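Chemist: I have a structure here, written as structure tokens, and I will follow up with some questions on it.
All of the numbers you see were taken from the coordinates with simple rules; none came from a lab. Nothing here was measured: the structure is a model prediction, and the numbers come from that model. Virtual Cβ from ideal backbone geometry, glycine too; neighbours counted across all protein chains shown.
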Amino acid sequence: MSLKVMTYLVVGATFALYIYIAIRSKAKDTNDFYVASKGVHPVLNGMATGADWMSAASFISMAGLIAFLGYDASVYLMGWTGGYCLLAMLLAPYLRKFGKFTVSEFIGERYYSNAARMVAVLCLVTASVTYVIGQMKGIGVVFSRSLGVSFEVGIVIGMIIVFIYAVFGGMKGVTNTQIAQYCVLIFAYTVPAVFISLTLTGMPIPQLGLGSTMADGSGLALLEKLDGTLVELGFAEYTAQKLSTTNMLFLTMSLMIGTAGLPHVIMRFFTVPKVADARSSAGWALVFIALLYTTAPAVGAMARMNLMDTIQTGAVGSADGNIEYAKVPQWFKSWEATGLLKFEDKNGDGRIQYYDEKGLKNAESFGWKGNEMIKVDRDIMVLANPEIAGLPNWVIALVTAGGIAAALSTAAGLLLAIATAVSHDVLKGWLMPNISDQQELKYSRIAIGGAILVAGYLGLNPPGFAAQVVALAFGLAASSIFPAIMMGIFSKRANDKGAICGMLAGLGTTLVYIFIYKGWFFFKSTAMLPDNVDNWLFGINPQAFGFVGACINFAVSYMVSNMTEEPPERIQQLVEDIRVPIGSGEAQDH
Amino acid sequence: MVDKSREEYWRRNVKLVTGCLIVWFIVSFGFGIILVHPLNAIMIGGYKLGFWFAQQGSMYIFVALIFFYSNKMGKLDKEFGVEEE
């Protein structure tokens, strides 16, 4: 069976499953729609959170980043998992005890201020919309490549599918669908990893394979051999640190705090039955996430190894040490066709040389006239990996289905967070307090539709958006939402003025810092300083600034609160109350 | 009276969280980033130890930490009689 037919079959089957589940568990009232009646078991909730959290970035991009950044990519691995510790210990149980629907509702009530609630909504919607744009783009790319349609058609198909189950299913539908999606994506990720690990090291568990000895009889450990191969070709050592330590620390911290501040992840913890479940549910979520995140370093390193070995077949510098272009495997040609892999025969010898021109000084003595792999897109590594390793077509089709599952599940979760913020916080909480449940549900569906159109449009016409926007979403969440929630729980003294000033200061400084280097509203021509280490303030990468923003938020909030009046007695009582689990019961009905 | 025990409960909770977060910081920021060079001199299997903490170990410990915290808090809830029915 051809790869294309197989892909149609596998992707079609998984889709039929998601839509079936979404329609079966149609939401009946607002409670169902937002938080699945608070009846989701912690293990299942953890699984759904995992699918919700792991987006196209985790599934498709991350292992590719690791393959080319090596040790430095640890910031993503630690940053995107370590945030769950903060979530479990500092936020989740208290927000569950508080027992409302949304993050902004908590901020509005804790800081007894509608203005604070609206500032929170602004932060949440901005962070979520930027994130969805990235997902829509990911969906479009995967669809177009696997189904053989244009990028535009791919995005439109994706928009329709996301709309169907986010609108009709609500949180209950999304939760059930996401459990199915988690199963698809983790299966699709680990199967090729197991095969490749087995081939390279004889060890079927990828996490151990990465630390094992090569099965090629060289007696070298896999990482040792990879380091050696890369250094021989002038690249930096795989396991060596290239980024400055400050940026490693700040970027990791920004991603961790951002993880704990993203609304669609926090919302998950409103859906468990008890406060104690909110604590363990974060643990389960991390178990399911770590399954993929600990496999990713193996996938990255092994993909890099296979790529190097495919091209450099013999000793570096020997006459027949490089593969002849006429003899490259099929995957090389098919990725060349997409334009994401490019080769140029600079020295006209009909063979491919792939090396680092700056690192390999004596390349000319081999008759090499420059690196001939002029483009190797990092994002193709996970999708190309099973092909490089020569795995059967069904595995390749499965990886495509997994990538789509990852992108769709995250988009749906984010859209729900946006819909909730608009209909519940802005409309019901402020502009139209008297609307009925039915009307509120209607408006939230309209909000989902609107958000999909905006995200789809921006996904089609990305105004220079790329990976840095995902980092911005994290920076925004880290610098605005997380400190406000944490202060609200851990300080009885924090008041409305402190929270509002803190959120605005954190958000403002982070935005301005990013815009100075990336251009105002991401229009590159409006950048005020070149985006490189010489111009950065204290050498801090704009992507890592969210941590600084969070510190500013904490400091401002603390100072302003202490200079102004104490919060009223009933608020101090509320804080006392959310600190203990007893009496959480069901969510208060509205 | 109730307030006194609630204060004690909160104090113990904050102490537990602080302890967990110190471990959290040491394994990721400490072993994975700040001390990565000296630790890389030690090998476990084919892994350099610092590299292992950064790309594997820290994540396993994060998972263990959350369950440890969750378990301890469950006991603390019972001790102070503030657990849910």
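Chemist: So how do A:Ser25, A:Ser74, A:Ser244 line up by other beta-carbon neighbours within 10 Å, fewest first? Please report the intermediate quantities before stating the final value.
Modeler: Numbers: A:Ser25 21, A:Ser74 27, A:Ser244 13.
The order, fewest Cβ neighbours first, is A:Ser244, A:Ser25, A:Ser74.
Chemist: While we're looking at this one, here's another question. Using a simple charge model, +1 on the beta-carbon of Lys and Arg, -1 on the beta-carbon of Asp and Glu, nothing else, what dipole does the stretch B:2-79 show about its Cα centre, in debye to the nearest 20? Working shown, then result.
Modeler: Working: 9 positive and 5 negative charges, 19 e Å.
Using Cβ point charges on Lys, Arg, Asp and Glu, the stretch B:2-79 gives about 100 debye.
Chemist: Let me ask you something else. So how far apart, in nm, are the two label points at A:Glu576 and A:Arg24 if each is 7 Å from Cα heading toward Cβ?
Modeler: The modelled label-to-label distance comes out at 4.8 nm.
Chemist: Here's another thing I want to ask about it. Measuring from centroid to centroid over Cα atoms, what is the spacing of the stretch A:215-234 and the stretch A:151-167 in Å?
Modeler: 44 Å
Chemist: Let me ask something else. Work out the mean other chain Cβ neighbour count within 10 Å for the residues of A:296-309 and drop it here as an integer.
Modeler: On the way: counts 1, 6, 2, 0, 1, 1, 0, 0, 0, 0, 0, 0, 0, 0.
Mean inter-chain Cβ contacts per residue within 10 Å come to 1.
Chemist: So, one more: Could you give the dipole magnitude of the protein assembly as shown about its Cα centre, charging the beta-carbon of Lys and Arg +1 and that of Asp and Glu -1, in debye to the nearest 20? All intermediate terms of the calculation are to be shown ahead of the outcome.
Modeler: Numbers: 48 positive and 48 negative charges, 164 e Å.
So the dipole magnitude of the protein assembly as shown works out to roughly 780 debye.
Chemist: Specify the angular offset, from 0 to 90 degrees and rounded to the nearest 10, of the alpha carbon long axis of helix A:467-490 from the longest principal axis of the alpha carbons in chain A.
Modeler: Roughly 30 degrees, rounded to the nearest 10.
Chemist: Under the definition of Cα pairs under 8 Å and six or more residues apart, what whole-number percent is the relative contact order of the stretch B:2-79?
Modeler: Working: 48 pairs, mean separation 23.0, N = 78.
RCO, the stretch B:2-79: 29 percent.
Chemist: What value, in deg cm²/dmol to 500, does the helix sum -39500 (n - 2.57) over DSSP H runs of n ≥ 4 give at 222 nm once divided by the residues of chain A? Provide the component values of the computation, followed by the final result.
Modeler: Values: 22 runs with 380 residues, N = 590.
Mean residue ellipticity at 222 nm (helix-derived): -21500 deg cm²/dmol.
Chemist: Got the relative contact order for chain A handy, in percent, Cα pairs under 8 Å and 6 or more residues apart?
Modeler: Working: 1063 pairs, mean separation 162.6, N = 590.
RCO, chain A: 28 percent.
Chemist: I'm checking a number: the convex hull volume of the Cα atoms of chain A, normalised per residue, in Å³. What is it?
Modeler: Numbers: hull volume 86.6 nm³, N = 590.
Cα convex hull per residue, to the nearest whole number: 147 Å³.
Chemist: From the P(r) of the stretch B:2-79, can you give the percent of Cα pairs sitting at distances over 15 Å?
Modeler: Details: 1851 of 3003 pairs.
When all Cα pairs of the stretch B:2-79 are counted, 62 percent exceed 15 Å.
Chemist: Here is a further query. Putting +1 on Lys and Arg Cβ atoms and -1 on Asp and Glu Cβ atoms, find which of A:Thr313, A:Val422, A:Met54 reaches farthest to the positive end of the dipole of chain A.
Modeler: Going by the charge dipole, the pick is A:Val422.
Chemist: Of A:Ile582, A:Ser491, A:Gln353, which is farthest towards the positive pole of chain A's charge dipole, taken about the Cα centre with +1 and -1 on the beta-carbons of Lys, Arg and Asp, Glu respectively?
Modeler: It is A:Ile582, whose Cα lies furthest towards the positive end.
Chemist: Hey, which aspartates and glutamates would be in cross-link range of A:Lys274, C-alpha to C-alpha under 17 Å, not counting anything within fewer than 8 residues on its own chain?
Modeler: A:Asp32, A:Asp577, A:Glu586, A:Asp589, B:Asp77, B:Glu83, B:Glu84, B:Glu85
Chemist: Further question on the same structure: Rank by packing, highest mean first: peptides A:341-351, A:386-396, with packing defined as the count of other Cβ atoms within 10 Å averaged across residues.
Modeler: Working: A:341-351: 14.3, A:386-396: 18.6.
Ranking the peptides A:341-351, A:386-396 by packing returns A:386-396, A:341-351.
Chemist: Below 30 Å, Cα to Cα, which lysines can A:Lys225 reach? Residues fewer than 8 away in the same chain don't count.
Modeler: The reachable lysines, counting only those whose Cα sits under 30 Å from A:Lys225, are A:Lys242, A:Lys327, A:Lys333, A:Lys342, A:Lys346, A:Lys358, A:Lys361, A:Lys369, A:Lys375, B:Lys48.
Chemist: Given R₀ = 45 Å, FRET efficiency for A:Asp356-A:Leu504 by Cβ-Cβ distance, to 0.05? Present the calculation step by step, with values, prior to reporting the outcome.
Modeler: Numbers: r = 45 Å, r/R0 = 1.00.
For A:Asp356 and A:Leu504, the calculated efficiency is 0.50.
Chemist: I've got another one for you. If you take each beta carbon of peptide A:507-514 and count the beta carbons of other chains within 10 angstrom, what is the mean?
Modeler: Numbers: counts 0, 0, 0, 0, 0, 0, 0, 0.
Across A:507-514, the average partner-chain Cβ count within 10 Å equals 0.
Chemist: For each of B:Asp77, A:Asp216, count neighbouring Cβ atoms within 10 Å of the residue's Cβ, then give the residues from fewest to most.
Modeler: Values: B:Asp77 20, A:Asp216 12.
Ordered by Cβ neighbours within 10 Å, fewest first: A:Asp216, B:Asp77.
Chemist: While we're here: Cut-off is 10 Å between beta-carbons; in what order do A:Met432, A:Met563, A:Met6 appear when sorted fewest neighbours first? Don't skip to the answer; put the middle values down first.
Modeler: On the way: A:Met432 13, A:Met563 10, A:Met6 18.
By the 10 Å Cβ count, ascending: A:Met563, A:Met432, A:Met6.
Chemist: Return, ordered by residue number, the residues of the stretch A:312-330 whose backbone nitrogen is under 12 Å from a label point located 7 Å along Cα→Cβ of A:Asn347.
Modeler: Output list for this probe position: A:316-323.
Chemist: Modelled label-to-label distance, A:Val328 and A:Val231, 7 Å Cα→beta-carbon offset: nm?
Modeler: 2.9 nm
Chemist: Next question, about the same structure. Considering Cα pairs under 8 angstrom that are at least six residues apart, work out the relative contact order of the stretch A:310-449 and quote it in whole percent. Could the numbers behind the result be given before it?
Modeler: Numbers: 121 pairs, mean separation 22.6, N = 140.
Dividing the mean separation by the residue count of the stretch A:310-449 yields 16 percent.
Chemist: Still on this model: Place +1 on the Cβ of every Lys and Arg and -1 on the Cβ of every Asp and Glu in the protein assembly as shown, take the dipole about the Cα centre, and give the residue among A:Leu95, A:Pro204, A:Gly300 whose Cα lies farthest towards its positive end.
Modeler: A:Leu95
Chemist: May I pose another question? So if each residue of separation counts as 0.36 nm, and I subtract the Cα-Cα distance between A:Tyr112 and A:Ser525, what length gain in nm does that give?
Modeler: Details: separation 413, 0.36 × 413 = 148.68 nm, distance 4.20 nm.
Length gained, A:Tyr112 through A:Ser525: 144.5 nm.
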